[in-house]
1. Just to be sure I understand the model, the point goes 7 Å from the Cα along the line to the Cβ. What's the resulting K23 to I136 distance in nm?
2. Rank L138, L163, L100 by mean-square fluctuation in a GNM of the chain with C-alpha springs under 10 angstrom and give only the top-ranked residue.
3. In percent, what relative contact order does region 58-198 have, based on Cα pairs under 8 Å that are 6 or more apart in sequence?
4. Between S6 and N196, take the C-beta separation as r, use R0 = 25 Å, and let me know the FRET efficiency to the nearest 0.05.
5. Any idea how far apart I63 and H159 come out in nm if each label point goes 7 Å out from Cα toward Cβ?
6. Could you please rank D315, D135, placing first whichever residue has the fewest other Cβ atoms within 10 Å of its Cβ?
7. In a shell of Cβ-Cβ distance under 15 Å around V179, excluding V179 itself, what net charge do Lys and Arg (+1) and Asp and Glu (-1) give?
8. Could you tell me what fraction of 2.2 N^0.38 Å the Cα radius of gyration of region 1-43 comes to, as a two-decimal ratio?
Amino acid sequence: MEAIFSSIFSFLLIILLGYYCSKKEYFANDFYKDLINFVLNIALPCLIFIHLAQKNISSLININFVISYSLILLVTFIFSFITLKRIFGGSVSKSSLRALTSSFSNTGYFGLPILTTLIGPEVISPIVIGTFINDIFLMPLAIFIVELDLKNDSKTKLHEVFLNVFKKSVVISAILGIVFSIFKIKLPFFLSQCVNEISLSTSSLALFSVGMILQKQKVKLSKEIFSNILIKAILQPMLAVVFVYFFKVGGLWGIVTILLSALPVGATPVLFSQKYKNYEKESSSALLLTTLLSLFTISFIILFYKEGLFNNLLDI
């Protein structure tokens, strides 16, 4: 218990340091963007690759996890789309972006480094699979609905969405890691050590950049945003518990399913909101607020897990 809260406290200190440095203008105004690019394109891919390359391929897939996590995302998306459209109105495209905000987790940039630090490198495999599900299932679904509402060439747009997923550094590193695992390819020691050292910087740099972003962005508060937060931070993890039990997703894969659902809103909904100039302030505010809230919800979920309160649920 003490170790978990010590880790969370250290995470908050790093975020506050990033906030302070940004406020004092110790770095160039756009430095946080370079930091994000370094984490996404170098540090995080190194972390994913070095772990997957050392794993047995049979331990990288869990069908029950794939089914349950996909359904959690789908049910959350549909519930958010229908319920929030009925309450707050708006176009179909706005409702789709709103539902994406309520259901899309920050599995890669935030979840992977944080959960790896709190639990261990064994969580990387299910998180990588969860990231794939987010990117090749939920994101195209939301964009298809937006494009359909705007009467654009949806097929072309969806083709570009799928293609761009496989251009991401984190996806390329995951594929390379799996290839190395299948063919049991070993990196030279000096190269393996280099990749490992870079991967160790992922968590601290990601949190530092979160602090800088919090200082740069203005948070908007409204009933609609609180509804997004309620669905993402409370309803989705509760739904995950139900699906984990129903599909018997036991052990580590089960707790990771719940934790992925408790993660904050990802950057993808914000990027697409900016692209379509719709739901921009709401999605960015939900991202920032759920990021802070998730530090506490994740800690308590892990605490319950370590204390054995999920043993019956996860068949441990």
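1. Reported label-point gap for K23 and I136 is 4.4 nm.
2. L163
3. 23 percent
4. With a Förster radius of 25 Å, E is 0.55.
5. Placing both labels 7 Å beyond Cα along the Cβ direction yields 3.3 nm.
6. Numbers: D315 12, D135 23.
Arranged by neighbour count, lowest to highest, D315, D135 become D315, D135.
7. Working: positive: K55, K184, K186; negative: none.
Once all neighbours under 15 Å are counted, the net charge is +3.
8. For region 1-43, the normalised Cα radius of gyration comes out at 1.44.
Read-outs throughout are calculated quantities, based only on the coordinates presented, and are distinct from any laboratory measurement. Since this is a predicted model, take the numbers as computed values, not measurements. When we count neighbours, we look across all protein chains shown, and the Cβ atoms used for this are built from the backbone with ideal geometry, even at glycine.
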